[in-house]
Amino acid sequence: MAEDRSLISRRSALKCLAYGSAGTLFTLASGVLVPIDLAQAAMAPRGASGRPLFLQISDTHVGFSKEANPDVSGTLMRTIELVNRMPEAPALTIHTGDITHLSKPAEFDLAQQMLGGLRAGDLHTVPGEHDTTDPAVSEYFSRFGKASDNRGYYSFDHGGVHFMALINVLEFRAGGLGTLGEAQLAWATADLKGRSASTPIVVFAHMPLWTIYEPWGWGTGDAEPLIAQLRRFGSVTILNGHIHQIVQKVEGNITYHTARSTAYPQPAAGVGAGPGPLKVPADELASMLGVTSVARLRHPPALALTDQTLA
Amino acid sequence: MSGRVPLALLGPGVAMLLALTTAAAGAPQAQIVIKDFMFGPASVTVKAGTTVSWVNRDDEPHTIASDSGLYRSAALDTGGEFHFTFDKPGTYHYVCTIHPQMLGTIIVEP
């Protein structure tokens, strides 16, 4: 039950660094977003985990067909069914990138068609580096660029929470981490200026905004000026994808959380040759795929995150 | 002139880090194999006019993108190939934009 899923027990659970999921649900608790496992949210008594605020889905990699999961459309469909069975539909959905595997038009078309079956409010996206590999970088933006006027970054408000969608997969520096770039950082500064410190902030981007493992590029090289501006807020939740496993860090009022993929797991940091698809026994795959949902707790007021697997 | 290696400093032995083959048409070719998130070999020296091909042997897609913007492949799925012909001498650094920790260099001699 949600009340039992305290931050402390969650932290200790997260010491494992990585475990499987289909997605994460978020609730607002004490002004802090807390993830809740979706499977557990579905089982929780109605209202126990707070009102579902939004859903995070990530790394759907539509078009992938290798051994690690020959049927990513099937696992995405199971994820969508899982979300659609939730007792209360989330008010909106964020997709934290790698919607497709190879940025192909047919992959984007299939992904859009499938994600359209989610009964979880409007879909808000950011691209992953797999979505921007077409030489013209036009496939993602022609479908999802409107929200950001084709810049890739934008913000919106919902339920008293301010959401910032960021792009950190375009300006790669050789050998380096993800990059936000000066123009986006200047926009973020202006976006946050004058905003009340009591406003809960949700920031989402594909690559982690903190350095998890630099040799594999698991981080964003120029995120610090943004983080510095977020520290004055009472509740900041930073949600990312990219690494296909849950890693969480809490630093002051800022909670960092990465989501599972719905397609295939990846190895823990530094294990093996690189961050490629991790082959696991077929009966273990479902436990490593998932989504995250976020609910808003009223007593005390807080955001709570729930990670739920397909298992 | 950062990023460029003075060609006069390159010894003749450096020129053939990679075995070159001559195609029927006579154009020199070189191949780089992408495996385990590495370009193999990471540094290749070729003669001007050589067509370099990259082939992806990983289950993960990779791209080949020149730092200078001279060339940029689409994502290469497993078994996918990309070719580029280097006509002008110089040192060309490139990266996989999906995994920018993957670095490669093509040194083109006259």
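The values are calculated or read from the model by the stated rules, or taken from the named source; none is laboratory data. Since we're looking at a predicted model, the values are computed, not measured. Don't worry about glycine lacking a Cβ; one is built from the backbone with ideal geometry, like all the others, and counts go over all protein chains shown. The protein model used for the area step is the full one, side chains on, heavy atoms only, and it has no ligands, DNA or RNA in it. Shrake-Rupley method; radii C 1.70, N 1.55, O 1.52, S 1.80 Å.
Here are a few things to note about the model shown:
- Some residue of region A:263-286 being in a strand (DSSP E or B) and closer than 30 Å to B:F39 by Cα: no
- Filtered by the rule that a residue be open to solvent by 20 Å² or more (accessible area, probe 1.4 Å) and either closer than 30 Å to B:D36 by Cα or of a type in the set (S, T, N, Q) (or both), region A:178-195 gives a lone residue, A:T189.
- Filtering region A:84-138 to residues that are among the polar types (S, T, N, Q) and either surrounded by fewer than 24 Cβ atoms within 10 Å (Cβ to Cβ) or under 17 Å from A:S58 (Cβ atoms) (or both) leaves A:N84, A:T93, A:T96, A:T100, A:S103, A:Q112, A:Q113, A:T125, A:T132, A:S138.
- Flag if A:A259 is more than 14 Å from every other protein chain (Cβ to nearest Cβ), of a type outside the set (F, W, Y) and either open to solvent by 10 Å² or more (accessible area, probe 1.4 Å) or under 23 Å from A:G74 (Cβ atoms) (or both): yes
- Total residues in region A:201-219, condition open to solvent by 30 Å² or more (accessible area, probe 1.4 Å) and not aliphatic (A, V, I, L, M): 4
- Taking the criterion of being away from chain B (no Cβ under 14 Å) and without any contact (Cβ under 8 Å) to a residue 12 or more places away in the chain, the residues of region A:66-123 that qualify are A:D71, A:G74, A:E81, A:D109, A:Q113, A:G116.
- Verdict on A:G252 being within 13 Å of chain B (Cβ to nearest Cβ) and more than 19 Å from A:A68 (Cβ to Cβ): no
- Considering (1) outside any strand (DSSP E or B); (2) surrounded by 17 or more Cβ atoms within 10 Å (Cβ to Cβ); (3) more than 14 Å from every other protein chain (Cβ to nearest Cβ), the lone condition that A:S198 does not fulfil carries the number (2).
A quick yes/no check of all residues on (1) under 24 Å from A:G252 (Cα atoms); (2) away from chain B (no Cβ under 14 Å):
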position	(1), (2)
A:F144	no, yes
A:D149	no, yes
A:Y154	no, yes
A:V169	no, no
A:R173	no, no
A:A183	no, yes
A:D191	yes, yes
